[in-house]
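The numbers here are math on the coordinates, done by the rules we state, and not lab data. Given the structure is predicted, the values throughout are model-derived calculations rather than measurements. Cβ coordinates were reconstructed from backbone atoms using ideal geometry, including for glycine residues, and neighbour counts include every protein chain displayed.
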Amino acid sequence: MTDTTWMDATAQAELVRTGQASASELVEDAIARIERVPQINAVVHDRFAAAREEAAGELPDGPFRGVPMLLKDLGCHVAGEATNYGTSFLRDAGHVWPTDSHLASRFRAAGLVFLGRTNVPEFGTTVTTEPVANGPCRNPYDLGRSTGGSSGGSAAAVAAGLVPVAHANDGGGSIRIPASECGLVGLKPTRARVSQGPDIGEGWAGATIDGVVSRTVRDSAGVLDVIGRPMPGDPYWAPPLARPLTEEVGAPVGRLRVGLLDAPPAGSPYLSDDECKKAVARTGQLLEQLGCDVEIAHPEPMFDEGFNSPFITTIAADTALTMQALTEALGRPITDAELEPRNAYYRLVGDDLRAKDYLAARMWLGAWVRRMSMWWASAEEGGADFDLLVTPTVGAPPPEIGWMTGEHEGQRIASYIPYTAQFNVTGQPAVSLPLHWTAEGLPVGVQLVAEFGREDVLVRVASALEQAAPWADRRPATSA
């Protein structure tokens, strides 16, 4: 059989469809790759026996039938199996979930085969994957550096060639940040494009969303086509797309108005590395060559100093509620000693939060979202009439492991992520693309943000950039 290590999911599915490979062969090859690269610590528990049985059986005839993937150890529950949220207490209790999530059902309907769960920071509340419970996940491009988070294990696995796609989710950048640090495509869908049912209506006040990390734009588009469907009872739905996103791959970009933001405002506490500025500048040049009108511009409210407090309030409230639900599921209290300090603090704040203060935070963010959205609104609506915003994904290339933990954790995390969480709160689709590399061979992602509901614009532009500045031949130092 053809070596599938660096084939994307679309190509692997074609092998199965045409009879050139079987699902079992693809699964066996992926399992062998996972076992060859334990040093990145990407996969924290496997389901190899179940995957082999499923691959040998009657898989659904979806567009990715027989393709192996990994699930993040956060969300996307599978009935009768563990999802430990990066904690030792769930792992040690042997806790399993009673039902499939809607997302797991959609992945299965696509024909994908789950091989196991990937490393995450505890409860996904930070942007580096270094949990106490499982140890740090290591970047395949440099084992001494972070993979980002919270989908760091998924990103490391795809970057190292273990699987072509892996589940990821994003509440403040957790698809895009690991994609940037590991040289991948990371598409965060529009709010409510992917249902979080049946257990969750909206996480982090609507800021969280599921998707995948991949090596190609067509894979991210194709997977979103199959998982981007509402579940009955969802509190709200994303605007329907005009056609499947796979049909946007290779479609003309058109004459878009694009704003470039290469650094936060002067005097801000955020990082602004020269490599990130170079990445944005080069992307601007590519977009001009594609026929876009490019200028230096960004939404004025983006760096409003009032943003962080209400956003943290929503995270703390959600974390406290999650702890309460897990306490009930385990039948015993979860002590502070069982939590990393960051999450013990979030629980404390959330437990003490008054209802009117939580609602005040939601109201402030709602008003801020309206101000932000005017940048994309048409001139007839009084808006600035931009189609696309281009920023660095993060403030610097991948940091060393340990840099974002310990004494200065909060300050360093905040300084590193100036660009991503805003679009979780606005609900807009955003994608990180691997368009720049440092002289040391480290990936630096560029973020593109479109108007609410316009993943079609993102996919068209991302596909054109993929053709103009290909990244498919990039290989990390540590790989399968």
Please report the antiparallel percentage of the DSSP beta bridges confined to region 1-138, to the nearest 5. 40
For a footprinting-style exposure proxy, rank Cys137, Cys292 by other Cβ within 10 Å, fewest first. Cys292, Cys137
The exposure ranking of Glu122, Glu28, Glu328, fewest beta-carbon neighbours within 10 Å first, is Glu328, Glu28, Glu122
Using just the helices of the chain, give the 222 nm mean residue ellipticity in deg cm²/dmol: DSSP H runs with n ≥ 4 each add -39,500 (n - 2.57), and the total is spread over all residues, rounded to 500. -11000 deg cm²/dmol
If we sort 388-401, 369-382, 462-475 on the protection proxy, mean other Cβ atoms within 10 Å, highest first, what's the order? 388-401, 462-475, 369-382
Share antiparallel - DSSP beta bridges, the chain, percent rounded to 5: 65
How many percent of all Cα-Cα pairs in region 168-286 sit more than 21 Å apart? 52
Quick calc: nm separation of the 7 Å Cα→Cβ label points for His45 and Arg257 -> 5.2
The answer for the chain, counting only DSSP H helices whose Cα atoms cover 18 angstrom or more along the axis and whose Kyte-Doolittle average is -1.0 or greater, is 23-36, 274-289, 308-330, 355-373, 455-468
Estimate the FRET efficiency between Gln20 and Val96 by the formula 1/(1 + (r/R0)^6), using the beta-carbon distance for r and 35 Å for R0, to the nearest 0.05. 0.45
Could you order peptides 245-253, 445-453, 98-106 by the average number of other Cβ atoms within 10 Å of their residues, highest first? 445-453, 98-106, 245-253
Segment Phe303-Thr5, extension gain: residue separation times 0.36 nm, minus the distance between their alpha carbons: 103.2 nm
Any idea how far apart Tyr236 and Glu440 come out in nm if each label point goes 7 Å out from Cα toward Cβ? 4.3
Shape call for region 340-448, from the Cα gyration tensor axes a ≥ b ≥ c (a/c under 1.5 means rounded, otherwise prolate when a/b beats b/c, else oblate), comes out oblate
Neighbour counts of other C-beta atoms within 10 Å: give me Thr129, Thr327 arranged from fewest to most. Thr327, Thr129
